[in-house]
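Each remark here refers to the structure printed beneath this line.
The values are calculated or read from the model by the stated rules, or taken from the named source; none is laboratory data. Every value quoted in this text rests on a predicted model; they were computed, and no experiment measured them. Cβ: placed from backbone, ideal geometry, glycine included. Neighbour counts: every protein chain shown.
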Amino acid sequence: MTNNMITFVGAGPGNPKLITVLGRECLEEADLVVYAGSLVNPVVLDYSSGEKIDSYGMTLNEITKVMADALKAGKKVVRLHSGDPSLYGSVIEQMEELKKYDIDVERIPGVSSVFATAAALNTQLTLNGVSDSLIITRPAGKTLDEDKIKELSRHNETMAIFLGTQKIEQIMEKVEYPKDTPVAVVFHASWDDQQVIKGTVEIIASKVKEAGIRRSAMIIIGGVVDPVNYRRSHLYGVAQEPL
Ligand SMILES: C[S@@+](CC[C@H](N)C(=O)[O-])C[C@H]1O[C@@H](n2cnc3c(N)ncnc32)[C@H](O)[C@@H]1O
């Protein structure tokens, strides 16, 4: 039987212990790992003794061809994405391209950096009486012409902004939260060099600039960053039907 399957694995946010057991097993068995740039911790790559290729700067066609050729040569191939592949991972276009080679994809989820960020902040992203919703978004950039940050901010719910560190000044000017709304920027959540900067919509951009953080960070806006005046959940008080 021919192997026509490539496994897309979520590497987790950085800490090498935050990859799933299944993800690690796939890496251990892989002959080729094509990983998505500097947000994949090199220590995670050490789980594999196979060949490793950094896809940073490669085109979609180059990435899929190198994986297809290896698979054709009988190798086990893993595509390794940072965090969870379903967030800003361009997974669908890779799958579509691989279909042209008659290759199927199976997926192993990962811990997204948004959750490692919540852990770094020791908070919840949804909190009774503060925010019942989480908006995940990103600013316009190379692969997005226009963003919806302004419109989304009008909901006044927790917002997690990926890929936004370099544009934090413009983002803070754009959002329509009250100026004293808490904001956190977490660089390299779960890595050894993790950094947490806290401020408000008004002052966070200058604090981030001062700290010299320009990339690889998550922006969280909303009361959950500094949880005061939340409502206690009844979960721990009154016996309830299972949700
Ligand atoms: C291309 S996206 C990939 C997101 C990834 N799929 C995930 O689920 O975390 C890259 C962006 O994710 C965020 N990011 C990834 N790893 C991070 C980490 N360890 N700490 C903070 N932000 C991170 C940053 O905003 C970065 O610009």
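With respect to the conditions (1) without any contact (Cβ under 8 Å) to a residue 60 or more places away in the chain; (2) surrounded by fewer than 14 Cβ atoms within 10 Å (Cβ to Cβ), Gly74 lacks only one, and its number is (1). The condition (being modelled with pLDDT of 95 or more and over 26 Å from Gly164 (Cα atoms)) is satisfied by just one residue among Ala116, Ala73: Ala73. Taking each residue of segment 22-42 that is farther than 18 Å from Glu62 by Cβ and at pLDDT 95 or above and looking for partners that are within 14 Å of the ligand (Cβ to nearest atom) and part of a helix (DSSP H, G or I) with beta-carbon atoms closer than 6 Å, six or more apart or interchain, yields Asn41/Pro16. Scanning segment 77-129 for residues that are crowded, with 16+ Cβ neighbours inside 10 Å, farther than 22 Å from Tyr47 by Cβ and of a type in the set (Gly, Ala, Ser) yields Ala118, Ala120. Checking each residue in segment 38-61 for being over 17 Å from Val21 (Cα atoms) and either surrounded by 13 or more Cβ atoms within 10 Å (Cβ to Cβ) or of a type in the set (Phe, Trp, Tyr) (or both) picks out Leu39, Gly50, Glu51, Lys52, Ile53, Asp54, Ser55, Tyr56, Met58, Leu60.
Somewhere in segment 11-23, is a residue in contact with a His (Cβ under 7 Å, 6 or more places away or on another chain) and not hydrophobic (A, V, I, L, M, F, W, C)? Looking for residues that are in contact with a His (Cβ under 7 Å, 6 or more places away or on another chain) and not hydrophobic (A, V, I, L, M, F, W, C), one finds at least one in segment 11-23, hence yes. For segment 179-206, filtering for residues that are within 16 Å of the ligand (Cβ to nearest atom) and not in a strand (DSSP E or B) leaves 9.
Checking Leu144, Leu98 one by one, the residue that is modelled with pLDDT under 95 and more than 22 Å from Gln195 (Cα to Cα) is Leu144 and no other.
Table: residues versus (1) farther than 11 Å from Ile220 by Cα; (2) within 14 Å of the chain's Cα centre (by Cα).
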{"site": "Arg138", "(1), (2)": "yes, yes"}
{"site": "Asp145", "(1), (2)": "yes, no"}
{"site": "Phe162", "(1), (2)": "no, yes"}
{"site": "Val175", "(1), (2)": "yes, no"}
{"site": "Lys179", "(1), (2)": "yes, no"}
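Screening Arg232, Arg215 for residues that are assigned to a loop (DSSP other than H, G, I, E, B) and under 19 Å from the mean Cα position of the chain (by Cα) leaves exactly one candidate, Arg215.
Residues checked against (1) touching a helix residue (DSSP H, G or I) at 6+ places or on another chain (Cβ under 6 Å); (2) under 18 Å from Ile63 (Cβ atoms):
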{"residue": "Glu96", "(1), (2)": "no, yes"}
{"residue": "Pro109", "(1), (2)": "no, no"}
{"residue": "Leu125", "(1), (2)": "yes, no"}
{"residue": "Gly129", "(1), (2)": "no, no"}
{"residue": "Pro139", "(1), (2)": "yes, no"}
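Taking the criterion of being among the hydrophobic types (A, V, I, L, M, F, W, C) and closer than 17 Å to Gly14 by Cβ, the residues of segment 198-218 that qualify are Ile213, Ala217, Met218. Among (1) polar (S, T, N, Q); (2) closer than 21 Å to Ser112 by Cα; (3) surrounded by fewer than 22 Cβ atoms within 10 Å (Cβ to Cβ), there is one condition Thr158 misses while meeting the rest; what is its number? Tallying (1) polar (S, T, N, Q); (2) closer than 21 Å to Ser112 by Cα; (3) surrounded by fewer than 22 Cβ atoms within 10 Å (Cβ to Cβ), Thr158 fails exactly one: (3). Determine the pairs where a residue that is touching a residue at least 40 places away in the same chain (Cβ under 8 Å) and assigned by TED's automatic domain parsing to the domain that holds Asn41, located within segment 193-220, has a partner that is within 16 Å of the ligand (Cβ to nearest atom) and of a type in the set (D, E, K, R) with Cβ atoms under 8 Å apart, the partner being 6 or more residues away or on another chain. Once the first residue is touching a residue at least 40 places away in the same chain (Cβ under 8 Å) and assigned by TED's automatic domain parsing to the domain that holds Asn41 and sits in segment 193-220, no partner that is within 16 Å of the ligand (Cβ to nearest atom) and of a type in the set (D, E, K, R) comes close enough.
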